[in-house]
Amino acid sequence: MNPFPIQLERLRRHSEQAANTYDHISLLDLSHTLRIWADLRSQVQHAPELTTTLAFKSSVPAKKLVRALRGGTYILFSMPSAVHTVASNHQLLFTGDGITGGNGTVGATAKFNQDGSLDISAYYYVKGEVEPSLRSLLGEGQVSKGNYSQWLGSEVIRLSYPGVDGQCTPVGISRENLIRRMANTFNASHPRDPDVSENTQHVLDPAIQFMMRYTVAGLPVPYFILLKAAQDIIAVAPKLLPLR
């Protein structure tokens, strides 16, 4: 049985519902469905139409910017193409520690559409001031192309967050790792056991929990990235996968 048609339609429905409502259950369902697409990685990659394609694009922040921000707190997320959201209703609002008090640099690259929707292609937050010479690098990224497997395994977000000792830990998270941790950590695929000690958590969970405290256009940053991943698959897969 060809798994692609039903899983693609499933992803499309959950993606549209999430983009239109930000409903918590829809976001959980989107997360779980994306985990299925991560599980389909080998089948997708071995589809004849995907053996040589470079249709998927990724972006990472400029090395100069990352070096300059070393030791600080930041979240950097840029995309070769924009994520479309309707639920924002033309509100490009940012929340998170250090934002409401003005102790940081926060922004996004966004297009406001006449129907009230938003197309957002970058988000960044840096605690404290950013040197004027580096401001032009915020929201920009170095774009690369790859096949589905390469895209899934490539870095999707770069951040640095304070640990219990107050020292900042820099980390880059791939799409696949983010998808799997969101599905496993926030009850999308497996119920979270409240009795599990923090010492047994996955190494990426503190970073993801840190990002969950920040929102762009009303959506927690990790879910915003998942919405973009879903829209990328929906945009590319029907052109390449055997859907019959």
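The values are calculated or read from the model by the stated rules, or taken from the named source; none is laboratory data. Here the structure is a predicted model, which is why all the values come from computation and not from measurement. We place every Cβ from the backbone using ideal geometry, glycine too, and count neighbours over all the protein chains shown. Calculation scope for accessible area: heavy atoms of the full protein, side chains included, ligands and nucleic acids excluded. Shrake-Rupley method; radii C 1.70, N 1.55, O 1.52, S 1.80 Å.
Give the cross-link partners of LYS145 among the lysines, using a straight C-alpha distance below 28 Å as the criterion and excluding same-chain residues fewer than 8 apart.
LYS57, LYS63, LYS64, LYS111, LYS228, LYS239
Note the per residue figure in Å³ for the convex hull of the C-alpha positions in the range 4-127. Mind dumping the intermediate values first?
On the way: hull volume 19.5 nm³, N = 124.
Output value, Cα hull per residue: 157 Å³.
Which value, in nm² and rounded to one decimal, describes the direction-averaged projected area of the C-alpha convex hull of the chain?
That works out to 14.1 nm², a quarter of the Cα hull's surface.
Tell me, in nm to one decimal, what length is gained between ILE6 and ARG70 on full extension, where the rule is 0.36 nm per residue of separation less the Cα-Cα distance?
Values: separation 64, 0.36 × 64 = 23.04 nm, distance 4.43 nm.
This chain segment gains 18.6 nm when fully extended.
With a 1.4 Å probe and all protein chains kept in place, how much accessible area does ASP23 have, in Å² rounded to the nearest 10?
Roll a 1.4 Å probe over it and ASP23 shows about 60 Å².
Between VAL130, VAL216, VAL106, find the one with the highest GNM mean-square fluctuation for the chain; connect C-alpha pairs within less than 10 Å.
Top of the fluctuation ranking is VAL130.
So for the range 57-109, considering every pair of alpha-carbon atoms, how many percent are separated by more than 15 Å?
Numbers: 861 of 1378 pairs.
Looking at the range 57-109, the distances longer than 15 Å represent 62 percent of pairs.
Run the 1.4 Å probe and let me know the accessible area of PHE94, rounded to the nearest 10 Å².
50
Using 0.36 nm times the number of residues separating ASP165 and THR21, minus their current alpha carbon distance, what extension gain do you get?
48.0 nm
Please give the net charge around LEU227, taking every other residue with its beta carbon less than 13 angstrom from that of LEU227, where Lys and Arg add +1 and Asp and Glu add -1. The partial results should precede the final answer.
Working: positive: ARG12, ARG175, LYS228; negative: GLU16, ASP23, ASP29, ASP119, ASP232.
Surrounding charge for LEU227 is -2.
Tell me the net charge near GLN142. Cut-off is 14 Å between Cβ atoms, GLN142 excluded, with +1 for each Lys or Arg and -1 for each Asp or Glu. Before the final figure, lay out the partial values.
Numbers: positive: LYS57, LYS63, LYS64, ARG67, LYS145, ARG158; negative: GLU140, GLU155.
With Lys, Arg at +1 and Asp, Glu at -1, the neighbours total +4.
Please list the non-local residues whose amide H lies under 5 Å from the amide H of GLY107, H modeled 1.01 Å from N, same-chain partners needing a gap of 5 or more.
TYR124
Can you give the accessible area of MET212 in Å² (nearest 10), computed on protein heavy atoms with a 1.4 Å probe?
Ignoring ligands and nucleic acids, MET212 comes out at about 50 Å².
With angles folded into 0 to 90 degrees, how steeply does helix 4-21 sit against the dominant principal axis of the chain? Use alpha carbons for both and round to 10.
40
Starting at the first residue of the range 87-96, write each ³J(HN,Hα) from the Karplus equation 6.51 cos²θ - 1.76 cosθ + 1.60 with θ = phi - 60°, in whole Hz, x for Gly and Pro.
Along the range 87-96, the couplings run 5, 5, 6, 6, 9, 9, 9, 10, 10, x Hz.
Would you tally the net charge around ALA68, using a Cβ to Cβ cut-off of less than 14 Å, leaving ALA68 out, and scoring K and R as +1, D and E as -1? List each step's numbers first, then the result.
Details: positive: LYS63, LYS64, ARG67, ARG70, LYS127, ARG135, ARG158; negative: GLU129, GLU131, GLU140.
Result for the local shell: +4.
More than 17 angstrom separation, counting every C-alpha pair in the range 132-183; what % is that?
Values: 730 of 1326 pairs.
More than 17 Å apart: 55 percent of the Cα pairs in the range 132-183.
Ranked from highest to lowest mean number of other Cβ atoms within 10 Å per residue, what is the order of the peptides 118-126, 63-71, 160-168? It would help to have the intermediate numbers written out before the result.
Working: 118-126: 22.4, 63-71: 14.2, 160-168: 12.4.
Top to bottom by mean Cβ count within 10 Å: 118-126, 63-71, 160-168.
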